[in-house]
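See structure below.
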Amino acid sequence: MRSTARIIRTSAGLVAAALLALTACSPSGSGSPAAHKPDGSNEASAPASLPYDVRPLLRPDKKYFGVAEDKAPHSMAPVEKYAGMTGKQPNLVAYYAEWGAGFDASGVRKAWQSGAITLMSWEPFHISLADIAAGKDDDYIREYATAVRKLNLPVVLDFADEFNGGWENWGTKHVTAAEFVAAWRHIHDVFADVGAANVIWAWSPNVINPVKQVKLKPYYPGDGYVDWIGMIGYFTLQSDNAFDSVFGPTMREVRTFSKKPFIIVETAAEPGERRRADVRNLFEGVAADDDLLGFVWFDYRKRADWRLKVSPLALAEFKRLAADDRFGFDVRKP
């Protein structure tokens, strides 16, 4: 359920060697506060300033209220329209970045100025994970990481999600668990080498329901390489729509090897008579679990029409539940 975003290639210089050891998801946490102006820019130039301290954003007191909209965050107009429709400003904006394209620094900055952090789903369509792990695209990774560091705003990076399914180029039909882990760790290490500690790393399997035979633990890079456990799961008419039925089996399996917090990085409910109840189940399930940080609604028409606007009753229920103060906060003031 993807739509490749239009994004701008950005290049940047190398970062001071003193920052090499700082990583966003080392076991003890990392990064130090930098001086930030109200518009999200830094008082000092990015290479001279410390990496943005993402730690307050890792387990905030309130929930992330996220959305994926076509053309966002490069254009924030669809997000503003969504905010008007749902009655609440999203504070997490997801987009799909094809491997080989540049970092959308402009879009990330626009999202930040609206009070939202950007989640980049990085999709390696045209390169093997074995080649990534072997360093064959290090110039590109380093350029991307340096651009992230230079902007020095917090971003979420979600690499090769849905890896436990066979439908993606980087999924189980094409890649071994060892290759996936090696590629993930290599990318993370390159980011660390350039001091890009302003990244929150989200490891995001598809919910295990359709692929129960694929065990997740062999694909896990380790707690030192991951900040959030992302999940991708949809409420469909062909399945039980209880929140625990959709997400519970995955969460219980993950808890056998990691205690990192969960976040639903992509979800929606299929249109139909049950959609209003599905929306209620989503909000109630997220609100009930202190270890579940929030969700991103996939507001696209792709394979099915997941857009909220096509279901007035479900939209009204969504708007009612989104008014709960537990959902949404200004990420600039966590």
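The values are calculated or read from the model by the stated rules, or taken from the named source; none is laboratory data. What you see is a predicted model; the values in this text were computed from it and never measured. Note: ideal-geometry Cβ built from the backbone for every residue, glycine included; neighbour counts use all protein chains shown. With ligands, DNA and RNA removed, areas are computed over all heavy atoms of the protein, side chains included. Shrake-Rupley method; radii C 1.70, N 1.55, O 1.52, S 1.80 Å.
See the values below:
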{"item": "Straight-distance crosslink candidates among lysines, where the alpha carbon sits under 18 Å from K81 and sequence neighbours closer than 8 are dropped", "result": "K71, K110, K309, K319"}
{"item": "Amide H within-cut-off set for W306, under 5 Å, with H built and near neighbours excluded", "result": "Y300, R301"}
{"item": "Within segment 233-270, backbone nitrogen closer than 12 Å to the virtual label 7 Å beyond the Cα of A288 toward Cβ", "result": "242-248"}
{"item": "Rounded percent of accessible protein surface that carbon and sulfur make up, the chain, 1.4 Å probe", "result": "52"}
{"item": "Selection of trypsin sites (Lys or Arg not before Pro), segment 133-211, meeting DSSP coil and at most 15 other Cβ within 10 Å", "result": "K136, K173"}
{"item": "Among P90, A145, L315 - extreme Cα towards positive end, dipole of the chain, charges at beta-carbon", "result": "L315"}
{"item": "1.4 Å probe accessible area per residue over the chain, in Å²", "result": "39"}
{"item": "Cα-centre dipole for segment 73-169 with unit charges at Cβ (Lys and Arg positive, Asp and Glu negative), debye to 20", "result": "620"}
{"item": "Under 29 Å from the Cα of K173 - lysines, other chains or at least 8 residues apart", "result": "K136, K212, K215, K217, K259, K260, K302"}
{"item": "Where labels lie 7 Å past Cα in the beta-carbon direction, separation of K215 and A277 in nm", "result": "3.6"}
{"item": "Inter-part distance where segment 103-118 and segment 292-334 are each reduced to a Cα centre, Å", "result": "19"}
{"item": "Karplus-derived 3J(HN,Hα), 6.51/-1.76/1.60, for each residue of segment 266-279, Hz, glycine and proline x", "result": "6, 7, 5, 10, 5, x, x, 4, 8, 4, 4, 5, 4, 4"}
{"item": "Zone residues, segment 193-219, relative to K173, backbone N less than 17 Å from point 7 Å out along Cα-to-Cβ", "result": "206, 210-214"}
{"item": "Over segment 204-330, equivalent-ellipsoid semi-axes from the Cα gyration tensor in Å", "result": "26, 17, 12"}
{"item": "Values of log10 I(q)/I(0), in the order q = 0.18 Å⁻¹, for segment 180-279 under a Debye, Cα-only, solvent-free model", "result": "-0.87"}
{"item": "Relative contact order (%) - segment 86-178, alpha-carbon pairs under 8 angstrom, separation at least six", "result": "30"}
{"item": "Computed E for R59/E98 - FRET, C-beta separation, R0 22 angstrom, nearest 0.05", "result": "0.10"}
{"item": "C-alpha long axis of helix 243-254 to longest principal axis of the chain, angle in °", "result": "30"}
{"item": "Degrees, to the nearest 10: 177-193 long Cα axis against longest axis of the chain", "result": "50"}
{"item": "Within a Gaussian network of the chain (alpha carbon springs, distance under 10 Å), most fluctuating of K63, K319, K259", "result": "K259"}
{"item": "Whole-angstrom gap from segment 201-277 to segment 56-100, using each part's C-alpha centre", "result": "20"}
{"item": "Cα-based helix-to-principal-axis angle, 138-151 vs the chain, degrees rounded to 10", "result": "80"}
{"item": "Modelled label reach - R255, point 7 Å along Cα→Cβ, segment 207-222 residues with backbone N closer than 15 Å", "result": "none"}
{"item": "For the chain: relative contact order, % (alpha-carbon pairs under 8 angstrom, 6 or more apart)", "result": "23"}
